Protein chains: 2
Amino acid sequence: MQFTSETTTSGTLPSGVIERTFTLGDITGVLWLPDSRPIGAPLLLSGHAGGMHKKAPGLVANATQCVATYGFTVAAIDAPGHGDRTRNQQDQYWADAIHQARSAREPIAPIVIDYSLSVAERAVPEWQTTLDALQAMPEIGVDTKVGYGGVTLGVVTGIALAAADSRIAALSLGGVFVNDSLIDSARKVTVPVECRMPWDGDEFERDAGIALFDAFASKEKALHVYSGRDYAIPEHERDNSARFLSRHLVGQPPTA
Amino acid sequence: MQFTSETTTSGTLPSGVIERTFTLGDITGVLWLPDSRPIGAPLLLSGHAGGMHKKAPGLVANATQCVATYGFTVAAIDAPGHGDRTRNQQDQYWADAIHQARSAREPIAPIVIDYSLSVAERAVPEWQTTLDALQAMPEIGVDTKVGYGGVTLGVVTGIALAAADSRIAALSLGGVFVNDSLIDSARKVTVPVECRMPWDGDEFERDAGIALFDAFASKEKALHVYSGRDYAIPEHERDNSARFLSRHLVGQPPTA
């Protein structure tokens, strides 16, 4: 793991947060740490949305809030073909097809689902390699509890990762296009999961979101539906997500 | 409003909480206040479940947590025919019919729905009278923001109260049996509402709970589904409820 930059103050970083970018083979990533270096700070792996990248504005806002307010360490990597990564021909075909379908006001879900499943399949071993490297860092170590949060493509990746790697101890997930394959993956997930879903959007279907929630084999799971069409998570739900992760990764809820 | 007792320390009261019972005409109630007497403490009206009373254990636990942790003032009254109130013949008929249906393992929903709608209709003016008296207390006053929380019968009452009285600024609701009449009432509610629903119980139907949530005309509404068959609200959801009320009644979320 090669660190390529370190930032401690910038216009966008809250105080107390250190940002480090890194490369790991082909993987390009970023790590946000509390500068207080608390012992046992949980590690949150953050999966960006389809078409976005490791420093998507919503992801950065959420990550730095988790670091500044809850003392988490947060890592994000570019998914294959996203951000600083080279996009292969097949991925470019899917990306173009989504663009064309949007322009023609045709349904994008079937394309997005195929694309996401393919990217997620490649992203899982990359997340595992990244997690190996993070656990080798003295600031993190192997005893740190690890959670995963994501939206859209990040949800597909997170479900596959949690089904494949027992190091993932909790999942916090936003909206996603759902098909049977994703539901099958969700049936393999047994760790605590919290799902969020906008109630009035036109892209994701309510019934599909509920069916996905229902499929998780987790003993503790929660579905938080919020009003509005907006896929930007309301601030109080972002806060709920951090509290959920904190409860499962730190072992106690933060005080009121 | 006649206060009939005041307790500041007891085996069940957390420190910092004052408990006062009161009567107001036929109404029998209880008030929990923070002994620090904070200015602008929001007032939460707490509606007990069918068959329970103003000091039901879950209600008391929730109320005293809201006082001790969030600085709320909380009031509860016995619903007509519940707790210290005399039960009329028709209510006794319904209570007996529910008991018989349970014993015979027959559906109780139709009876509970009729019973709850009738009790709620009578409870609404009693809550309004109680709120008038509470607002006349110097510790509370007319500028205090008022929220309402309840389960089962308390949900039916709260929806009717919020539809009828603009002083109710936010609603926090648990599980309930749903029919068209309740859904019609929910359509009249425009204040922020947060609903909670167990996912694996056998009494309340998932689809009915979702339909009720969908019916609220509120611009901000949230549905929190949690795993398990248990109607006892998980501690973290109880905490979410207090944070939701705090956000809407105090005007700012509590700190992390």
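Considering each residue of region A:125-159, count those that are under 25 Å from A:GLU203 (Cα atoms) and surrounded by fewer than 22 Cβ atoms within 10 Å (Cβ to Cβ), and give that number. Show your work before the answer.
The first filter runs over region A:125-159 and keeps only residues under 25 Å from A:GLU203 (Cα atoms), leaving A:148-159.
This time we only want the ones that are surrounded by fewer than 22 Cβ atoms within 10 Å (Cβ to Cβ), so: none.
Of the residues in region A:125-159, 0 are under 25 Å from A:GLU203 (Cα atoms) and surrounded by fewer than 22 Cβ atoms within 10 Å (Cβ to Cβ).
Is it true that B:GLU205 is free of Cβ contacts under 8 Å to residues at least 40 places away in the same chain and surrounded by 15 or more Cβ atoms within 10 Å (Cβ to Cβ)? Here the answer is no, as B:GLU205 does not meet what is asked.
Does A:ALA163 fit the bill of being surrounded by fewer than 24 Cβ atoms within 10 Å (Cβ to Cβ), part of a strand (DSSP E or B) and not hydroxyl-bearing (Ser, Thr, Tyr)? Can you show your working first?
Numbers: surrounded by fewer than 24 Cβ atoms within 10 Å (Cβ to Cβ): yes; part of a strand (DSSP E or B): no; not hydroxyl-bearing (Ser, Thr, Tyr): yes.
No.
The one condition from (1) closer than 28 Å to A:ASP184 by Cβ; (2) surrounded by fewer than 20 Cβ atoms within 10 Å (Cβ to Cβ); (3) polar (S, T, N, Q) that A:THR86 does not meet is (1). Residues in region A:214-248 that are assigned to a loop (DSSP other than H, G, I, E, B) and either within 24 Å of B:GLY201 (Cα to Cα) or more than 7 Å from chain B (Cβ to nearest Cβ) (or both): A:PHE216, A:ALA217, A:SER218, A:LYS219, A:GLU220, A:GLY228, A:ARG229, A:ASP230, A:TYR231, A:ALA232, A:ILE233, A:PRO234. Applying the criterion of being without any contact (Cβ under 8 Å) to a residue 40 or more places away in the chain and either touching a Gly at 6+ places or on another chain (Cβ under 7 Å) or assigned to a strand (DSSP E or B) (or both) to the residues of region A:1-18, the residue that is nearest to A:VAL67 (Cα to Cα) is A:ILE18.
Considering (1) away from chain A (no Cβ under 11 Å); (2) surrounded by 19 or more Cβ atoms within 10 Å (Cβ to Cβ); (3) touching a strand residue (DSSP E or B) at 6+ places or on another chain (Cβ under 9 Å); (4) of a type outside the set (A, V, I, L, M, F, W, C), the lone condition that B:GLU194 does not fulfil carries the number (1). Every test in (1) in contact with a helix residue (DSSP H, G or I) (Cβ under 7 Å, 6 or more places away or on another chain); (2) of a type outside the set (Val, Ile, Thr); (3) more than 21 Å from A:LEU33 (Cα to Cα) is passed by A:GLN89 save one, and that test is (1).
With respect to B:LEU171, is the statement that it is buried (at least 19 other Cβ atoms within 10 Å of the Cβ) and in a strand (DSSP E or B) true?
Working: buried (at least 19 other Cβ atoms within 10 Å of the Cβ): yes; in a strand (DSSP E or B): yes.
Yes: the conditions hold for B:LEU171.
Of everything in region B:30-75 that is crowded, with 21+ Cβ neighbours inside 10 Å, touching a Gly at 6+ places or on another chain (Cβ under 7 Å) and without any contact (Cβ under 8 Å) to a residue 60 or more places away in the chain, the residue that is nearest to the other protein chains (Cβ to nearest Cβ) is B:ALA75.
Restricting A:TRP94, A:TRP127 to those that are of a type outside the set (D, E, K, R), part of a helix (DSSP H, G or I) and more than 13 Å from the chain's Cα centre (by Cα) reduces the list to A:TRP94.
Conditions tested, residue by residue: (1) at pLDDT 95 or above; (2) under 28 Å from B:ALA242 (Cα atoms); (3) assigned to a loop (DSSP other than H, G, I, E, B); (4) more than 12 Å from every other protein chain (Cβ to nearest Cβ).
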residue: A:GLY158; (1), (2), (3), (4): yes, no, no, yes
residue: A:VAL176; (1), (2), (3), (4): no, no, yes, yes
residue: A:ASP207; (1), (2), (3), (4): no, no, no, no
residue: A:PRO253; (1), (2), (3), (4): no, yes, yes, no
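No other residue among A:ALA75, A:ALA79, A:ALA101, A:ALA49 is of a type in the set (A, V, I, L, M, F, W, C) and assigned to a helix (DSSP H, G or I) apart from A:ALA101. Selection of region B:183-205 for residues being modelled with pLDDT of 95 or more, under 18 Å from B:PRO110 (Cα atoms) and of a type outside the set (Gly, Ala, Ser) yields B:ILE183, B:ASP184.
One line per residue, one yes/no per condition, for (1) modelled with pLDDT of 95 or more; (2) not β-branched (Val, Ile, Thr):
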| residue | (1), (2) |
| --- | --- |
| A:ASN62 | no, yes |
| A:ALA76 | yes, yes |
| A:ALA79 | yes, yes |
| A:ARG85 | yes, yes |
| A:TYR93 | yes, yes |
| A:GLN100 | yes, yes |
| A:PRO110 | no, yes |
| A:VAL119 | yes, no |
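The values are calculated or read from the model by the stated rules, or taken from the named source; none is laboratory data. What you see is a predicted model; the values in this text were computed from it and never measured. Glycine also receives a Cβ, built like all others from the backbone with ideal geometry; neighbour counts cover every protein chain displayed.
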